[in-house]
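One structure below.
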Amino acid sequence: MINDNQKDTIISVLGKHYSPKIIEYLNKKKICNSNGNPFSSASIQKIVSGIQKNDIVELQIVNLVTAVKKRNEKTAKKLQTLL
């Protein structure tokens with residue numbers, strides 16, 4: 001389950017409106033809920049808040065946050081070289 005520190009990291013990397021970004025990532029990976037439908041914003045918020053457990057989605061959120069963090073760091077380095 002996602003704890004408060006991890007939730008804070010997710011929000012700091014993806015922003016306060018993280019659900020659509022996570023849903024888009026899950027859709028690209030073809031990961032659906034138990035009914036075979038895309039995840040809703042409410043269920044993503046429950047997972048990120050630690051109310052609902054879903055190991056598969058939690059792992060994918062970690063992968064997304066890691067990728068976005070790396071991309072942000074790369075962009076910051078390029079900006080520093082320009083300045």
Within the stretch 12-48, residues part of a helix (DSSP H, G or I), out of contact with any helix residue (DSSP H, G or I) (no Cβ under 8 Å at 6 or more places or on another chain), closer than 23 Å to Asn72 by Cβ and not small (Gly, Ala, Ser) come out as Glu24, Asn27, Lys28
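Results for (1) of a type in the set (Phe, Trp, Tyr); (2) surrounded by 17 or more Cβ atoms within 10 Å (Cβ to Cβ), shown as yes or no for each residue.
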residue	(1), (2)
Gly15	no, no
Ser19	no, yes
Ile22	no, yes
Leu26	no, yes
Phe39	yes, yes
Ser43	no, yes
Lys53	no, no
Glu73	no, no
Leu79	no, no
Among the residues of the stretch 58-76, write down those that are among the basic types (Lys, Arg) and farther than 11 Å from Leu14 by Cβ.
Lys70, Arg71, Lys74
State which residue pairs qualify: first residue of a type outside the set (Val, Ile, Thr) and inside the stretch 59-71, second residue at pLDDT 95 or above and in a helix (DSSP H, G or I) in any location, beta carbons under 7 Å apart, and separation of 6 or more residues or different chains.
Gln60/Tyr25; Gln60/Leu26; Leu64/Ile22; Leu64/Tyr25; Lys69/Val13
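The values are calculated or read from the model by the stated rules, or taken from the named source; none is laboratory data. Predicted model, so just to flag it, every value in this text is computed and none were measured. Positions of Cβ are generated from backbone atoms using ideal geometry, with glycine treated the same way; all protein chains shown enter the neighbour counts.
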